[in-house]
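Participant: Could you have a look at this structure, given as structure tokens, before my questions?
The values are calculated or read from the model by the stated rules, or taken from the named source; none is laboratory data. Keep in mind the model is a prediction, meaning the values are calculated, not measured. Note: ideal-geometry Cβ built from the backbone for every residue, glycine included; neighbour counts use all protein chains shown. Ligands, DNA and RNA are excluded from the accessible area calculation, which covers all protein heavy atoms including side chains. Shrake-Rupley method; radii C 1.70, N 1.55, O 1.52, S 1.80 Å.
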Amino acid sequence: MKSEISPAAASAGAATPAELGAPPAFSALLPLSRIRLSSSHRGARLARLLCGQQLDSWGVSRTAPASGAVSAIVAELAANAVTHGRTPGRDFEVRLGLGEERVRVEVIDARPDRVPGAFPAPAAESTGGRGLLLVAAYADRWGWCVRDPYTKTVWAEVRYRAPGECQEAGQALSAMVVDT
């Protein structure tokens, strides 16, 4: 089962994916960054820090709005993986990809039976349960999919460049890859 939330639904405050469909195709300019971490609060914190460091090494400054958005999304999805997607003895994985216009984040956990939107909305006085609202607010699009019987992937994409800047950025990244 796969799902995606549209930017229109996100701006309307929808926290659960509203449109069924596979995640959009993603063509990474560089190899994906993959980080496997322990399903602990320390692992979730480390995921956020390492993703910020990876974006910085790709040329997306830590002070850029996209970097802040990706860090917030990773923090929330990693916290959800640790809190709701934890299976004793199993780690969670964070994948980060840099495309021409967008950064894609994927967080894979070991609980395919616990999917976003399967739980009731929190009470008005509750202090938790609104994390996916943050993801919907920061991401241009996001969703989830169960790819096999053992894992669930929650993904989000954030635009980091305007379409006109992409050709120049691609040429610069190509030069970096050739030089190394």
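Participant: How many percent of the accessible area of segment 26-138 is carbon or sulfur, using a 1.4 Å probe?
Facilitator: Solvent-exposed carbon and sulfur of segment 26-138 make up 52 percent of the total.
Participant: Averaged per residue, what accessible surface does segment 68-130 expose to a 1.4 Å probe, in Å²?
Facilitator: On the way: 2810 Å² over 63 residues.
About 45 Å² of surface per residue is accessible.
Participant: Mind giving me the FRET efficiency for Ser57 and Ala25? R0 is 25 Å, r the Cβ-Cβ distance, nearest 0.05 is fine. Kindly include the intermediate steps, with their values, before the conclusion.
Facilitator: Details: r = 25 Å, r/R0 = 0.98.
The calculated FRET efficiency here is 0.55.
Participant: By how many nm would the segment from Arg130 to Arg36 grow when fully extended, if each residue of separation counts as 0.36 nm and the alpha-carbon distance is taken off?
Facilitator: Fully extending the segment from Arg130 to Arg36 adds 31.3 nm.
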